[in-house]
Amino acid sequence: MRETRDETQGRPAVLERDVDALLIRRLRTDAGFAANLIDAVSRQAGIALACERVGIDAQVRHEGTSGTIDVLLRLFTERSGETGRILIENKLDSSFTPGQPERYESSAAAMSRSGRPAVPVICAPADYLKRSRHVGPFKAHISYENVCDWTDGEDALLMQAAIRRFAMPYEPDPVPEVQDFHEGYWQLVRELAPELIVKPNPNTGGERPEASRTVYFVTKKTLPGYDFLPTLRFSHQCWDASAPSASVKIMFDGWAAYEPLLQRRAREALGHTGLYLRRAGRSLGLVHDTPRLDNKRPVNTQLDAVASGIRAASKLRAWMFANEPTLREWASAVAASADQAEAIS
């Protein structure tokens, strides 16, 4: 396997979906691989799982709860029919979403029948399994190192690259004052600008770490769904040491390269609105500067500054709804520039 690199991290550019695909393919086509995995799950869970053939499904809805199963392995024998199920959650370097391990545990319980047990399993790098605080609900742990040992050739190289890529996902040390700030912000948004929908806390258990200085809005419920625009992200960055100011911003994915082109068009459209364009990574932001906020102080002790930021976010949202022709013109200019660049190359 020719290894590519993540340009921003210097790590192998293997992704969780690549490991998903490997697991599914090996389980379907390699009886020895499937036998090794089933045997490991049987020993760890303390359940004798009989199997002569397998059925594999990807991204299956959980039973009795929300969300999906990465890989569902169904076990069969000729004599008894379906004899068991293995629910596999694959994690390379992402955190669990709130309640995700518990959903696997609940779904396995809902699927279990007499003579057909269901076992929730986590598949991840060995260090992930050792260091994560949230793997308890899974009854068996399959490490990437195990998978690497059970494979060969290109698949073994891919798993080695996945292990090298691994960096422990973010599991924050909670800071109650920061959690209180975000709850206060959410309450003030509901009072001042209910049209802004704040994203739920992504951290398991509702924790907020000291570094949680950004409020994210649900773009599909907050911004217009113009099909000519790229993926959008909408946030209020309460403090940002790498930027000139705290700000609310809408990020247009993939438009960073077109900043000079769009700056010329934006001068008249943005006028005296207080909005401006600013590049960030591969995205281009439509930005409104805001007062800096302290996420370890209660909202009611910095009420004017927080309210000013919320009003700026509401203003930015309103501009998006009121300026469809301008946004369509920007999108057309980007598309034309991209086509021209492709023709030249």
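Evaluate the following for residue 34: is it open to solvent by less than 30 Å² (accessible area, probe 1.4 Å) and at pLDDT 95 or above? Reasoning before the result, please.
Values: open to solvent by less than 30 Å² (accessible area, probe 1.4 Å): yes; at pLDDT 95 or above: yes.
Spelling it out, residue 34 is indeed open to solvent by less than 30 Å² (accessible area, probe 1.4 Å) and at pLDDT 95 or above.
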Check your understanding: Does residue 181 satisfy the condition of being assigned to a helix (DSSP H, G or I), within 30 Å of residue 215 (Cβ to Cβ), open to solvent by less than 30 Å² (accessible area, probe 1.4 Å) and in contact with a helix residue (DSSP H, G or I) (Cβ under 7 Å, 6 or more places away or on another chain)?
Key -> yes
Review point. Looking only at segment 68-112, which residues are under 28 Å from residue 29 (Cβ atoms) and loosely packed, with under 15 Cβ neighbours inside 10 Å?
Key: 68, 77, 78, 79, 80, 81, 82, 94
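One line per residue, one yes/no per condition, for (1) at pLDDT below 95; (2) among the aromatic types (Phe, Trp, Tyr); (3) under 23 Å from the mean Cα position of the chain (by Cα):
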| site | (1), (2), (3) |
| --- | --- |
| 141 | no, no, yes |
| 166 | yes, yes, yes |
| 175 | yes, no, yes |
| 182 | no, no, yes |
| 191 | no, no, no |
| 196 | no, no, yes |
| 211 | yes, no, yes |
| 218 | no, no, yes |
| 241 | yes, no, no |
Exercise for review: Please work out if residue 344 is within 30 Å of residue 211 (Cα to Cα), of a type outside the set (Gly, Ala, Ser) and either open to solvent by less than 20 Å² (accessible area, probe 1.4 Å) or free of Cβ contacts under 8 Å to residues at least 60 places away in the same chain (or both).
Suggested key: no
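This table checks each residue for (1) loosely packed, with under 14 Cβ neighbours inside 10 Å; (2) among the polar types (S, T, N, Q); (3) not in a helix (DSSP H, G or I).
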{"position": "227", "(1), (2), (3)": "yes, no, yes"}
{"position": "234", "(1), (2), (3)": "no, no, yes"}
{"position": "247", "(1), (2), (3)": "no, yes, yes"}
{"position": "251", "(1), (2), (3)": "no, no, yes"}
{"position": "259", "(1), (2), (3)": "no, no, no"}
{"position": "265", "(1), (2), (3)": "no, no, no"}
{"position": "268", "(1), (2), (3)": "yes, no, no"}
{"position": "286", "(1), (2), (3)": "no, no, yes"}
{"position": "310", "(1), (2), (3)": "no, no, no"}
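The values are calculated or read from the model by the stated rules, or taken from the named source; none is laboratory data. In this text the structure is predicted, and so the values were computed from the model without any measurement. For neighbour counting, all protein chains shown are included, and Cβ atoms are generated from backbone atoms with ideal geometry for every residue, glycine included. Only protein heavy atoms, including side chains, enter the accessible area calculation; ligands, DNA and RNA are left aside. Shrake-Rupley method; radii C 1.70, N 1.55, O 1.52, S 1.80 Å.
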